[in-house]
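Colleague: Attaching a single structure in C-alpha cells format; questions to follow.
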Amino acid sequence: MAPTSYQAPMRGDKEDKHTYSQSAESNLSHSQTTVAKLLEGKGDAIFAVRPNDTIGHVVDVLKEKHIGALVVTDQNGDLQGILSERDIVRRMAETPGHTLPQEVSALMTTAVKSCTPDDYLHDVLKTMSEGRFRHMPVLKDGKLTGMITVGDVVNFRLQELEYETLRMKQMIVG
C-alpha cells in the first residue's frame, strides 16, 4: 500500500527537466571576479625596498612582515622590479656566505608581470601558474596600488565557495 502522501505520476510531469539550482552563470560567476574585489578585503598595503638596499635588509623586512616577496621601487615609487624569498635562496646557493651584503639590484627580477584592478582573478591565477611565480604587483595607470599572491586568490575563491554553499543550503532548507 502506498503512503498517503504519494501521488501517482501524471501526464506532463516530466516535461520540465530543467533544474534551477545551478546555471552556467552561477557556475562561472567566480571567473568574473576582479583583482579590485580581492583588494577590497585584503587592503592595498605595499612593502617595498630600493635597488641599492642590501639583501640582509630585505631578509629582515620579509621576516618582520611575514611576507614572501617585496617590490623594488625608485624614489618616486615607480616599480623597478620584484624580489622573492626564492630569488634569495637561489643566490645563497650560488654565493654561500656572500649573499646578504649584495644589493637588491643584483638579484631582483626586472621583467615583472603585473596586473590591473580590472583584471579577472581567473586570468591572473592562470598567468601566475604558467609563469611559476606566486606574487604579482597590481598597477593602475602605471602606479602601484597593491600586491596579490596565489594564496590570496585561492583563499578568496574558497570564501566565495563557502558563501555559495551557504546560499544553496538556505535555498534547500528554506
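Colleague: Criterion first (among the hydroxyl-bearing types (Ser, Thr, Tyr) and at pLDDT below 95) does THR95 satisfy it? Don't jump to the end; show me each part of the working.
Modeller: Working: among the hydroxyl-bearing types (Ser, Thr, Tyr): yes; at pLDDT below 95: yes.
So THR95 passes the test.
Colleague: Could you grab me the full set of residues in segment 74-90 that are over 14 Å from PHE133 (Cα atoms), among the charged types (D, E, K, R) and out of contact with any Leu (no Cβ under 9 Å at 6 or more places or on another chain)?
Modeller: ASP74
Colleague: Now for a separate question. Test ILE46 against the criterion of being assigned to a strand (DSSP E or B), touching a residue at least 40 places away in the same chain (Cβ under 8 Å) and surrounded by 15 or more Cβ atoms within 10 Å (Cβ to Cβ), and give yes or no.
Modeller: Working: assigned to a strand (DSSP E or B): no; touching a residue at least 40 places away in the same chain (Cβ under 8 Å): yes; surrounded by 15 or more Cβ atoms within 10 Å (Cβ to Cβ): yes.
Here the answer is no, as ILE46 does not meet what is asked.
Colleague: Okay, moving on. Can you name the condition, by its number, that THR54 falls short on among (1) more than 21 Å from the chain's Cα centre (by Cα); (2) within 19 Å of MET136 (Cα to Cα); (3) among the hydroxyl-bearing types (Ser, Thr, Tyr)?
Modeller: (2)
Colleague: For THR145, are the conditions met, namely being in contact with a helix residue (DSSP H, G or I) (Cβ under 8 Å, 6 or more places away or on another chain), polar (S, T, N, Q) and within 27 Å of THR34 (Cα to Cα)?
Modeller: Details: in contact with a helix residue (DSSP H, G or I) (Cβ under 8 Å, 6 or more places away or on another chain): yes; polar (S, T, N, Q): yes; within 27 Å of THR34 (Cα to Cα): yes.
Yes; evaluated as a whole, the condition is true for this residue.
Colleague: Given the options VAL112, VAL58, VAL104, VAL89, name the one that is in contact with a Lys or Arg (Cβ under 8 Å, 6 or more places away or on another chain) and without any contact (Cβ under 8 Å) to a residue 60 or more places away in the chain.
Modeller: Working: VAL112 fails: in contact with a Lys or Arg (Cβ under 8 Å, 6 or more places away or on another chain); VAL58 fails: in contact with a Lys or Arg (Cβ under 8 Å, 6 or more places away or on another chain); VAL89 fails: in contact with a Lys or Arg (Cβ under 8 Å, 6 or more places away or on another chain).
Going through VAL112, VAL58, VAL104, VAL89 in turn, the sole match is VAL104.
The values are calculated or read from the model by the stated rules, or taken from the named source; none is laboratory data. Bear in mind the structure is a predicted one, so any value in this text is a computation, not a measurement. Because the Cβ atoms are built from the backbone with ideal geometry, glycine has one as well, and the counts that use them run over all protein chains shown.
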